[in-house]
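Step one of this worksheet: look at the structure below.
The values are calculated or read from the model by the stated rules, or taken from the named source; none is laboratory data. Model, not experiment: these values are computed from the prediction. Cβ: placed from backbone, ideal geometry, glycine included. Neighbour counts: every protein chain shown.
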């Protein structure tokens, strides 16, 4: 005996197809035209390339051969993905090497904007009461084999690229991301930011640059970071400190270069860290918030570390299926798009499972024919093997009389 839920589940496409339904084919087509992605193309579309690279990310395929063979095994189910046939390994390799990575970058930002506008991503934790935009700035290095990626030289025997990320704490997804060579300093990337007035940026000590701080202060941008150990300053005033707050002081920098670069009033907050059994000395230009709020802002900077950890552990950004710079960028941007889709699923799920479990379960069920919303509620439920028989009701021309098209 089949249930009503079973009847619904057998009438849908694969989970992969339903997941791709979240993205806009119209936006992608417009961007393909804008970036001339299919110039001189001979049958292999950019959409097929996108589907193949998303399959690489979601199925954790290790090579071009695994991507193509995996799609070939699902040949009968590709039509629901908008793909006519699985690509050849050489075709996909050539496309990743020559088609513009900017196309996939633009599509990631377009999809992220759509989901943000629809409020279909996670919301900020109810920790802070202020209305300011809270951001985190940090970078992570992706190590590369220098013999395979000679263009990404980092050190004498090592290669790498660096991802500079500005994380929006409203949904814990990037609002700015830059891919550079690994040897580029973080401060150079930070100078490219155009931060909105009133926003608060939390960052680590690697971004300490007094001229950068001065420019942000003049634009009305707040920052919270660690104070340099060798910083020279004078205390202008002291505020009451209690609990984990060991000191709360308004200071001015007195170093010869520091005075010229940043003559503004700053604030020094010393916080006791019970877990690390140490003092953390914070520097900020936010003079109004309670010191506990300043400490909580810096503590929430850990969310960007979790973002990097989630990206590297659940998606393919540590090993690559192509060795050219363009192919590497395409793989990173499709990894970010896959992460965005998984974040959307995690926001909708009602099972309370972790992000890693969701990614693993989806990998095992990409081409399972289940209703996506029902699968999220109960992924272990088994649908019926065969669809139930249904008798269609056909209206007759008239009761008791033969149809008009019959002959006597």
Matching residues, the range 124-158, being part of a strand (DSSP E or B) and crowded, with 16+ Cβ neighbours inside 10 Å: 134, 135, 136, 137, 138, 139, 140, 142, 144, 153, 154
Set 95, 106, 86: member being over 25 Å from the mean Cα position of the chain (by Cα), more than 30 Å from residue 295 (Cβ to Cβ) and either part of a loop (DSSP other than H, G, I, E, B) or modelled with pLDDT of 95 or more (or both): 86
Sole exception among (1) outside any loop (DSSP other than H, G, I, E, B); (2) surrounded by fewer than 22 Cβ atoms within 10 Å (Cβ to Cβ); (3) in contact (Cβ under 8 Å) with a residue 40 or more places away in the chain for residue 69, by number: (3)
Qualifying helices (runs of 4 or more DSSP H) (wholly inside the range 296-364; at least 2 residues being modelled with pLDDT of 95 or more and under 18 Å from residue 107 (Cα atoms)): 325-348
Qualifying positions in the range 275-306 - surrounded by 21 or more Cβ atoms within 10 Å (Cβ to Cβ) and within 30 Å of residue 145 (Cβ to Cβ): 304
Residue that is more than 33 Å from the chain's Cα centre (by Cα), surrounded by 15 or more Cβ atoms within 10 Å (Cβ to Cβ) and farther than 28 Å from residue 193 by Cβ, where the choices are 241, 231: 241
Qualifying residues in the range 211-228 (those that are in contact with a strand residue (DSSP E or B) (Cβ under 7 Å, 6 or more places away or on another chain) and farther than 15 Å from residue 294 by Cα) - the one surrounded by the most Cβ atoms within 10 Å (Cβ to Cβ): 213
Hey, residue 61 under 25 Å from the mean Cα position of the chain (by Cα) and either assigned to a helix (DSSP H, G or I) or at positive phi (or both) or not: no
Filtered residues of the range 27-60 (kept if surrounded by fewer than 19 Cβ atoms within 10 Å (Cβ to Cβ) and within 14 Å of residue 366 (Cβ to Cβ)): 60
Among (1) surrounded by fewer than 15 Cβ atoms within 10 Å (Cβ to Cβ); (2) in contact (Cβ under 8 Å) with a residue 12 or more places away in the chain; (3) in contact with a strand residue (DSSP E or B) (Cβ under 8 Å, 6 or more places away or on another chain), the one test that residue 259 misses: (2)
Scope the range 159-178; condition in a loop (DSSP other than H, G, I, E, B) and touching a strand residue (DSSP E or B) at 6+ places or on another chain (Cβ under 6 Å); matching residues: 169
